[in-house]
1. In the stretch 85-135, which residue that is of a type in the set (D, E) and part of a helix (DSSP H, G or I) is surrounded by the fewest Cβ atoms within 10 Å (Cβ to Cβ)?
2. Need pairs with beta-carbon distance below 7 Å; first residue more than 20 Å from V121 (Cα to Cα) and crowded, with 24+ Cβ neighbours inside 10 Å and within the stretch 29-43, second at pLDDT 90 or above and among the polar types (S, T, N, Q); sequence gap 6+ or separate chains.
3. Here are some conditions: (1) crowded, with 20+ Cβ neighbours inside 10 Å; (2) at positive phi; (3) not acidic (D, E). L138 meets all but one. Which one does it not meet?
4. Within the bounds of the stretch 170-178, is there any residue that is within 17 Å of the chain's Cα centre (by Cα) and assigned to a helix (DSSP H, G or I)?
5. Run down E230, E199, E190 and say which single residue is acidic (D, E), at pLDDT 95 or above and not in a loop (DSSP other than H, G, I, E, B).
6. Out of E236, E165, report the one residue that is charged (D, E, K, R) and part of a helix (DSSP H, G or I).
Amino acid sequence: MVVSDHSSRRFDEELDELRTRVLQMGGLVEQQIHDAIEAFGVGDLEQLELIENDDHRVNAHEVGIDEACALIIARRQPAAVDLRMLMGISKIVTDLERCGDKAAKIARKAKGIFDHEMRRVPCISDIREMGEIAVRLLRSALDAFARQDAVGAAAIVRDDVAIDEKFQAITRQLITFMMEDPRTISIALEILFIAKAVERVGDHAKNIAEQIIYIARGTDVRHVTWDQLERDAKGEGKGI
């Protein structure tokens, strides 16, 4: 019995360590996205260069956490909520890594824009506003993960609509910009790529929120209606 209790405590410690590593990775990604959008807003080429070249740190986190998940599953053979936790973490770090990719993409595209010495870059303030929403959603997703807060995660899924609306508004502005001066088409398209990268961060935050609901409630809420997702997050669904 003593050995069993010791083994159980060690397993709990391993899961806690893994959750901490996910939050550390999430904090790094959140900072990179914030910095990329801010550097784009002020045309800081040096900072953009640093962000683009720093993506390897996020990749290393993903590889390390995935390896740890695989090792725990092989050694502990977890079931029920513990297995859901490990499966969910594996998917969450994939979304975090892709958010890191988006930060690098924002930096790369922004460098290209400012290399053209554009005097007027359209939609900067709108993209910064959208970026603030995206970073807030990602931070909320990480907080919900730390607390295993399914209801808080459900709110993130709902709030992702705000980013989609911002992206659509920016797209309309850029189309008008290109129609008024066809010489700006190439730059406007680069800005559109940046806006799309920010919008995708919101999508990844939403994916993370869905995984949190799965971990906490045992229900797969991907591709369900909002009403069903809310019921599942509150524990009113079937669950497993």
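1. Selected residue: D115.
2. Pairs that qualify, where the first residue is more than 20 Å from V121 (Cα to Cα) and crowded, with 24+ Cβ neighbours inside 10 Å and the partner is at pLDDT 90 or above and among the polar types (S, T, N, Q): there are none.
3. Result: L138 passes all but (2).
4. We begin by selecting, within the stretch 170-178, every residue within 17 Å of the chain's Cα centre (by Cα); these are none.
No: zero hits.
5. Values: E230 fails: at pLDDT 95 or above; E190 fails: at pLDDT 95 or above.
Among E230, E199, E190, only E199 is acidic (D, E), at pLDDT 95 or above and not in a loop (DSSP other than H, G, I, E, B).
6. One residue alone meets the criteria, E165.
Okay, residues lined up against (1) β-branched (V, I, T); (2) within 17 Å of the chain's Cα centre (by Cα); (3) farther than 30 Å from S8 by Cβ; (4) at pLDDT below 95:
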| site | (1), (2), (3), (4) |
| --- | --- |
| H61 | no, yes, no, no |
| D82 | no, no, no, yes |
| I106 | yes, yes, yes, no |
| R119 | no, no, yes, yes |
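The values are calculated or read from the model by the stated rules, or taken from the named source; none is laboratory data. Owing to the predicted nature of the structure, the values given are computational and were not obtained by experimental measurement. For neighbour counting, all protein chains shown are included, and Cβ atoms are generated from backbone atoms with ideal geometry for every residue, glycine included.
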